[in-house]
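Since the structure comes first, as structure tokens, the remarks are kept for the end.
Please treat every number below as a calculation from the coordinates, not as lab data. Model, not experiment: these values are computed from the prediction. Reconstructed Cβ throughout: ideal geometry from the backbone, glycine too, with neighbour counts over all protein chains shown.
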Amino acid sequence: MRATINQKLVETGERERLKELLRTRLIECGWRDQLKTHCKEIVQNKGLEHITVDDLVAEITPKGRALVPDNVKKELLQRIRTFLAQQSNI
């Protein structure tokens with residue numbers, strides 16, 4: 001079922017629209033700046049020569065997810081529900 005939904009999202013272009021909406025909302029609420037600051041702190045604490053991109057991603061992912069505001073999550077979920085309601089053949 002998940003694969004079918006994802007396929008419909010891709011086929012209709014809705015997936016890209018949702019990604020752009022999410023990107024815009026995260027920038028508007030300051031999420032991007034908060035995460036950028038957090039990344040800089042991690043690199044400063046560990047030292048640039050002692051951290052890889054994979055290490056950085058692993059360390060910031062939980063905080064990044066936690067910092068997404070509830071209203072942004074709710075808006076995205078509502079858009080997905082609306083899309084699914086319009087797709088009667090899924």
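When only alpha-carbon atoms are used, what values of Rg and Dmax, in angstrom, describe the chain?
Considering the chain through its Cα atoms, Rg and Dmax are 16.9, 53 Å.
Using θ = phi - 60° and the Karplus form 6.51 cos²θ - 1.76 cosθ + 1.60, what ³J(HN,Hα) does each residue of region 75-82 get, whole Hz, x for Gly and Pro?
Once θ is set to phi - 60°, the couplings for region 75-82 become 4, 5, 4, 5, 5, 5, 4, 4 Hz.
Could you work out the helix-only [θ] at 222 nm for the chain, with each DSSP H run of four or more residues adding -39,500 (n - 2.57) and the total divided by the number of residues, to the nearest 500 deg cm²/dmol?
The helix-only estimate for the chain comes to -27000 deg cm²/dmol at 222 nm.
Of ALA85, ASN6, VAL57, whose Cα points farthest to the positive end of the dipole of the chain (charges on the beta-carbon: +1 Lys, Arg; -1 Asp, Glu; origin at the Cα centre)?
Going by the Cα projections, it comes out as ALA85.
I'd like the FRET efficiency for VAL53 and THR82, computed as 1/(1 + (r/R0)^6) with the beta carbon distance as r and R0 of 41 Å, rounded to 0.05. Write out the running numbers ahead of the final one.
Working: r = 36 Å, r/R0 = 0.88.
Efficiency at R0 = 41 Å is approximately 0.70.
How much length is gained if the chain between GLU41 and VAL10 is pulled fully straight, taking 0.36 nm per residue apart and subtracting their Cα-Cα distance, in nm to one decimal?
Contour length minus Cα-Cα distance gives 7.5 nm.
Relative to the first principal axis of the alpha-carbon coordinates of the chain, what is the inclination of helix 14-28, with its axis defined by its Cα atoms, in degrees from 0 to 90 and to the nearest 10?
Helix 14-28 sits at roughly 40 degrees to that axis.
Per residue of region 57-64, what does 6.51 cos²θ - 1.76 cosθ + 1.60 with θ = phi - 60° give for ³J(HN,Hα)? Whole Hz please, x for Gly and Pro, Karplus curve as stated.
4, 4, 7, 8, 4, x, 5, x
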